[in-house]
Amino acid sequence: MLLKMTRAQIIGSRAQLDATIAALQRLGVLHLEDTPRALSLTSLALDEASMRVQQELSLLAARLDGLLQLLPQIDQPPRTLPAAPQGTREFVDWLRRQLDNLAPPLQALAQRRDELHAEALSLPRYENTLRKLVPLSVELRELENFDTVALLIDTAFRDVLEMMRVELSLITHAQFEIIARDVDERTTAALLVYPRAYAQPVQALLGRENISQVRLPKELAGRSFREALTALEQRQHAVRRELAQLDAELETYARTWRAALEAWRRATRNLVQALTTRAQFGSTTYTFVIQGWVPQRDLNRVRAELAREVGPQVILTTLDERTGARDRTPVAFSNPAPLQPFEMLVRLMAVPRYGAFDPTPLMAFFMPLFFGIMLGDIAYGVLLLLLALYVKRRWATNEAVRNLAQILIYGSLWTIVFGFLYGEFFGTLGEALGLAPLWMPRGGEQILALFVFALALGAVQIVLGLLLGAWEAWREKQRSEFLLKVGMLIVLAALFGVIGVVTEFLPRDLFTPTLVALLIGTVLLIVPSGLMGLVLGPLEMVETVGNILSYLRLTAIGLASVYLALVANEMAGLVGNALVGAILALLLHTLNFALGVLSPTIQSLRLHYVEFFRHFYESGGQEYRPFKLE
């Protein structure tokens with residue numbers, strides 16, 4: 001359901017403004033309106049000192065964000081934090097001193113860690129290159145007045161070496177040597193030795209031909225390739241040891257300071273928010289005015305807390321809802337805990353308009369049911385349940401992931417239920433294990449019955465949507481919309497009657513009354529739209545019938561899963577090797593499980609958003625965002 005909201009106005013002396021803001025922020029239930037615009041009052045602007053404090057707080061919050069990014073996430077019990085001053089100005093000065101003392105050593109550790117991480121990434125590249133060159137190398141370090149250059153060339157361009165020989169012979173007067181070898185399928189390594197006197201023209205040649213040289217770090221310059229490789233291996237061990245030491249130091253910092261930094265960040269953000277929201281308050285020379293929306297159930301508590309914390313100088317009154325206020329009234333959900341994960345899915349569609357019907361309970365029932373009908377396998381249901389429980393526990397702090405996992409838990413339970421009803425355990429493997437269906441198996445002669453069952457579910461949900469739409473139209477005094485919904489209900493009832501007579505489920509005497517009802521319903525669909533109704537009425541009939549037919553996907557997607565599981569089981573039996581057959585079955589069942597989770601989720605959402613909601617759902621609401629502490 002949606003909470004009933006009350007429009008409230010708070011008036012008080014400007015001397016009590018700070019205390020009032022603090023109390024409202026702590027209560028966390030007032031959704032603020034732009035008061036100056038509503039009452040043609042002057043906006044409560046910040047003075048120069050407050051603006052300076054706001055800027056300083058924003059900078060401190062940014063510094064805190066940066067420091068927290070340097071520290072690892074850790075699980076630790078609550079601990080006593082350093083006491084902070086109460087006044088805003090005093091808190092700003094105190095926090096700046098704290099950060100000035102804490103930031104330099106922490107940033108130095110983090111900077112050193114980043115440098116070592118970069119080095120740890122680059123050293124293996126040098127090592128791989130040297131390992132390719134070592135087989136070609138000789139002890140050239142003692143050759144005086146000669147330079148050695150290592151080259152790596154793509155094997156496809158190995159011919160460039162012959163071109164270099166010609167050019168180098170001219171440059172050095174044949175005083176050079178090139179040793180080359182293919183070190184793998186794609187790389188040719190080469191060592192070039194030449195007199196140091198010709199270094200400049202040789203380097204110019206290499207640059208002109210775009211030949212990449214192996215450049216080792218400065219600390220390895222002048223060493224042989226073998227010595228450089230040994231030094232690189234030693235350096236990698238040293239880097240790993242130092243990184244482990246730095247990580248341990250950062251973890252110690254995190255255990256000591258992370259909780260405090262997070263608390264200070266919350267405090268700075270709350271203070272910034274308290275200063276920023278003043279622009280939404282109206283003011284006169286001596287008073288301030290705050291307007292907003294409060295859940296009706298919290299109104300007396302807000303009034304009592306303001307009187308207790310601020311005093312009788314601050315008065316809270318309720319205001320009559322103005323014409324059109326419904327469009328601006330914030331929308332807050334209030335559902336039992338088991339249904340709350342589905343509020344996320346309703347918001348994903350759109351926030352409902354204030355006062356409209358909240359479809360969360362219906363979605364909480366139908367969506368997992370549809371999911372179970374489509375997947376319907378005991379083994380898949382158990383696997384999904386275990387996976388969803390793990391995800392919910394692993395990402396417990398992520399609300400969206402936690403809600404999605406809870407929805408999948410409900411879906412997995414229905415999957416297990418329908419697995420027993422269908423007699424499926426990894427598809428047809430249940431039959432081989434002696435598992436008999438409690439209702440009927442999917443496939444074979446039962447396919448038609450399953451399609452009829454899906455259509456019946458679709459008819460139930462669409463009729464329910466039309467009934468809700470008619471009730472909403474009646475409540476809002478929307479005569480045309482009410483006639484359209486009632487007309488469509490009559491048309492559907494008549495169509496069901498005709499089908500019942502044709503299939504001899506109903507007596508033939510009802511054929512004429514159903515045709516009369518069909519005519520009446522069609523007229524009700526046409527009349528509200530005038531001449532356009534001659535086109536729109538039949539189109540609405542066709543679209544609604546199409547909505548019901550869309551529920552055939554409940555059976556179709558389930559059958560696809562059944563047949564893929566059947567293929568997996570039969571192919572495993574056809575393969576001569578038991579191990580290969582088991583691996584093949586595992587791969588196919590993994591694919592089927594992934595598709596069986598993804599596809600029913602998407603299709604269940606589609607049936608609600610496209611087929612069901614269109615008949616009654618009123619969107620366009622403004623989400624309830626109370627002014628509260630972080």
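Since every read-out is calculated from the coordinates, none of them should be taken as a lab result. Computed from a predicted structure; not experimentally measured. All Cβ positions, glycine included, derive from the backbone under ideal geometry; neighbour counts span all protein chains shown.
Label sites at Ser122 and Ala180, each approximated as a point 7 angstrom past Cα along Cα to Cβ, lie 2.9 nm apart. Computed over segment 337-615, the convex hull of the alpha-carbon atoms projects to a mean area of 18.1 nm². Using C-alpha pairs under 8 Å with a sequence gap of at least 6, the mean separation divided by the residue count of segment 337-615 gives a relative contact order of 20 percent. Of the residues Lys392, Lys628, Lys477, Lys485, the one with the fewest other Cβ atoms within 10 Å heads the list, and the complete ranking is Lys477, Lys628, Lys392, Lys485. Within segment 239-324, the chymotrypsin sites (Phe, Trp or Tyr not before Pro) that combine a DSSP coil assignment with at most 11 other C-beta atoms in a 10 angstrom radius are Tyr286.
The distance between label points at Phe157 and Ala396 comes to 5.7 nm (points 7 Å beyond Cα on the Cα→Cβ vector). Residue order for Ser13, Ser122, fewest other beta carbons within 10 angstrom first, comes to Ser122, Ser13.
Length available on full extension from Ala594 to Arg14: 0.36 nm per residue minus the Cα-Cα distance, which gives 202.7 nm. Our summary gives the chain a relative contact order of 21 percent, counting only alpha carbon pairs under 8 angstrom and 6 or more residues apart. Treating the angle as unsigned and between 0 and 90°, give the value, to the nearest 10°, between the Cα long axis of helix 259-276 and the longest Cα principal axis of the chain. Between helix and principal axis, roughly 60 degrees.
Equivalent ellipsoid of the chain: semi-axes from √(5λ) of the C-alpha gyration tensor, largest first, are 64, 47, 24 Å. In this simple spin-label approximation, Glu431 and Val523 carry label points 7 Å from Cα along the Cα→Cβ vector, and these lie 5.4 nm apart.
Loop-located GluC sites (Glu not before Pro) in segment 488-544 (DSSP state other than H, G, I, E, B) with a sparse environment of at most 11 neighbouring Cβ atoms within 10 Å: Glu504. Between Asn300 and Leu586, full extension at 0.36 nm per residue minus the direct alpha carbon distance yields a gain of 96.9 nm. The fraction of Cα-Cα pairs per 5 angstrom bin, counted from 0 for segment 344-480, comes to 2, 9, 14, 16, 16, 13, 11, 9, 6, 3, 1, 0, 0 percent, rounded to whole percents.
Compactness check for segment 530-595: Cα Rg over 2.2 N^0.38 Å is 2.03. Charges on Cβ only, +1 for Lys and Arg, -1 for Asp and Glu, centred on the Cα centroid of the chain; of Met51, Val562, Val516, which one is farthest towards the dipole's positive end? Working it through, the farthest residue towards the positive pole turns out to be Met51.
The convex hull around the C-alpha trace of segment 487-630, projected and averaged over every direction, spans 17.2 square nanometres.
With a Förster radius of 45 Å applied to the C-beta separation of Glu618 and Glu262, the computed FRET efficiency comes to 0.65. Compute the separation of the alpha-carbon centres of segment 1-36 and segment 361-399 and state it in Å as a whole number. Taking the Cα centre of each part, segment 1-36 and segment 361-399 sit 40 Å apart.
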